[in-house]
Amino acid sequence: MKSNEPFLTPARTLDGTALAAGLRADVARRAQVLAARWRPPALAVLLVGDAQASAVYVRNKIRACEAAGVRSIHEHLPGATSQPALLARIAELNADPLVDGILVQLPLPPQIDPQQVIAAIAPDKDVDGFHVANAGALFTGAPRLMPCTPSGVMRMLDHTGVTLRGAEAVIVGASNIVGKPQAILLLHAGATVTICNSKTRDLAAHTRRADILVVAVGRAKMIGADMVKPGAVVIDVGMNRDEHGRLCGDVDTEAVRAVAGWITPVPGGVGPMTIAMLLENTLQAAQARAPVDATTR
Ligand code: NAP
């Protein structure tokens, strides 16, 4: 039964690893059908430079592709790559009929403007969903390729069974890749949405009203138990290192667990869902390019 009633027991864990495994298995099944009828979906992943965190993200994405039967084309370009050289490579991949999706790992070295790079990717291959055409489609309610993290969060919310229609949703963080698209998706789902940013005057006054609280700032454990409404669904997008060097989110998970109804762990929450949605987007982009009789749901 759908309900927004507060929970009187400690929060239930929204296990992103398990949910993502189910989504990835479904992508693998559909990718196999597409491969048998046409060819496997193919994703080009471009990494510029040697940033360690980016290399780990790229490796995880490539592994997930391989496990799901999505062909990955991994290109590691030198850190000194010029913007024209990167844009020229993107133009080639745009024109390549054997490539369905293009992902350029962010952040980029300082000589390259990420906005120019995002704008250069063909919208129908923009599996990150960052291109202004895809952002605009999302904004106007006819989404095509959607940003992976917010759409993964929506799948997690769906799993809770909590009613979004009429719910108070508060998003902390207003970036183009997480906070803003998250707000639009929740708005389209019928929630009443508040977006907070670094200038918000009394953050806790907003977060305490939230039936659905999504935090995407990048500040370790900034959301404590006193900032959460009893029974709320708390989605922690943040990825930080704590004082011991351990991975942690923006939410003080152990403290908030005593108050919230549902909570996502870090790691093992939103992160795996983001990768699963990248695979979904790649499959969707491939299906849009395939002959009609080769596609499957
Ligand atoms: P970002 O571009 O740096 O944006 C951060 C946002 O937080 C900005 O809108 C900023 O406000 C706001 N903010 C900063 N301090 C604040 C405060 N004290 N109170 C309220 N809002 C505040 O970050 P992002 O790319 O969205 O990423 C956010 C976090 O999510 C990072 O930890 C990142 O690593 C993580 N992330 C995780 C995944 C995943 O798959 N799990 C995916 C993407 C990002 P202003 O607009 O006023 O500057």
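Taking 0.36 nm per residue of sequence separation and removing the Cα-Cα distance, the D15/S175 pair yields an extension gain of 55.2 nm.
What distance in nm lies between label points placed 7 Å from Cα along the C-beta direction at A225 and E66? My value for the distance between the label points is 4.4 nm.
Quick check on the chain: helices-only [θ] at 222 nm, where DSSP H runs of length 4 and up contribute -39,500 (n - 2.57) each and the sum goes over total residues. Nearest 500, please.
-12500 deg cm²/dmol
Solvent exposure of the chain amounts to 46 Å² per residue of accessible area, where only protein heavy atoms count and the probe is 1.4 Å.
Reported value for segment 8-93: 137 Å³ per residue, from the convex hull of its C-alpha atoms. Among A119, A232, A95, the residue with the largest mean-square fluctuation in a Gaussian network model of the chain, with springs joining Cα atoms closer than 10 Å, is A95. Against the compact-protein benchmark of 2.2 N^0.38 Å, the Cα-based radius of gyration of the chain scales to 1.01. Classify segment 39-140 from the C-alpha gyration tensor, please: rounded if a/c falls under 1.5, else prolate or oblate depending on whether a/b exceeds b/c. Taking the square roots of the gyration eigenvalues as a ≥ b ≥ c, segment 39-140 is rounded. Does segment 165-219 come out rounded, prolate or oblate by the C-alpha gyration tensor, with a ≥ b ≥ c the root eigenvalues, rounded set by a/c under 1.5 and, if not, prolate when a/b is larger than b/c and oblate if not? In terms of gyration-tensor shape, oblate. Beta bridges assigned by DSSP with both partners in the chain are antiparallel in approximately 5 percent of cases.
Of the whole protein surface, T295 contributes about 40 Å² of accessible area at a 1.4 Å probe radius. Here's the picture: charge each Lys and Arg Cβ at +1 and each Asp and Glu Cβ at -1 in the chain, and of Q52, T140, H74 the one pushed furthest to the positive end of that dipole is T140. Dipole orientation for the chain: of the candidates M227, V162, C65, V162 has the Cα lying most toward the positive pole (charges on Cβ; Lys, Arg +1; Asp, Glu -1).
Contact order for the chain, expressed relative to its length and based on alpha carbon pairs under 8 Å spaced 6+ residues apart, stands at 25 percent. Apply the a/c threshold of 1.5 to the C-alpha gyration tensor of segment 127-200 and tell me whether it is rounded, prolate or oblate. Here segment 127-200 falls in the oblate category.
The values are calculated or read from the model by the stated rules, or taken from the named source; none is laboratory data. Bear in mind the structure is a predicted one, so any value in this text is a computation, not a measurement. For neighbour counting, all protein chains shown are included, and Cβ atoms are generated from backbone atoms with ideal geometry for every residue, glycine included. Keep in mind that these areas ignore ligands, DNA and RNA; they rest on the heavy atoms of the full protein, side chains included. Shrake-Rupley method; radii C 1.70, N 1.55, O 1.52, S 1.80 Å.
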